[in-house]
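A short write-up of the structure that comes next.
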Amino acid sequence: MNYDRLLIAGRLAEPVALRVTSKGTHAASLMLEVKRRYRGANGERKESTAVLPVSVYGLPASYAATHLKTGDQVLIEGHHRVEERTNADTGVTTHFLSIVADYVDYLNNPRHKEEAAS
């Protein structure tokens, strides 16, 4: 069985970059900062941070570019995509993992605070 779903929460590491594809579809690029907390071999608390590239398409991309700013918390539901790129000079092929968002939830949205309070 194959199942490719990701659910990731984090903060935007930089402003959303919006572009329009050749077919007229809006595409947004997000850089999502996620933290992982764990205990080391000696029991000490540790934390690591990763910045993950996320692509958003269509109307959600337009909304993301309009409403999100650096530092905002978001929840991404989507799937992964592996891109293969070959360096023209060296001929070396590299694989890049990115996330394609199917759903973006704006956790800083004031509406969430109102819903949580009621």
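Overview of results
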read-out: Single unsatisfied condition, Arg85 versus (1) more than 12 Å from the chain's Cα centre (by Cα); (2) at pLDDT 90 or above; (3) surrounded by 10 or more Cβ atoms within 10 Å (Cβ to Cβ); value: (2)
read-out: Long-range neighbours under 7 Å by Cβ, at least six apart or interchain, first residue closer than 17 Å to Ile8 by Cα within the range 29-41, second surrounded by 15 or more Cβ atoms within 10 Å (Cβ to Cβ) and of a type in the set (Phe, Trp, Tyr); value: none
read-out: Identity of the residue in the range 35-56, among the small types (Gly, Ala, Ser) and part of a strand (DSSP E or B), that ends up farthest from Leu18 (Cα to Cα); value: Ser48
read-out: Verdict on Ser98 being at pLDDT 95 or above and under 11 Å from the mean Cα position of the chain (by Cα); value: no
read-out: Residue match in the range 101-116 (condition: loosely packed, with under 10 Cβ neighbours inside 10 Å, modelled with pLDDT of 90 or more and under 20 Å from the mean Cα position of the chain (by Cα)); value: no
read-out: Filter result for Leu59 (more than 21 Å from Val20 (Cβ to Cβ) and not polar (S, T, N, Q)); value: no
read-out: Selection count where residues are loosely packed, with under 14 Cβ neighbours inside 10 Å, out of contact with any Lys or Arg (no Cβ under 8 Å at 6 or more places or on another chain) and assigned to a strand (DSSP E or B), scope the range 64-82; value: 3
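The values are calculated or read from the model by the stated rules, or taken from the named source; none is laboratory data. Remember, it's a predicted structure, so these values are computed and weren't measured experimentally. Backbone-built Cβ (ideal geometry, glycine too); neighbour counts: all protein chains shown.
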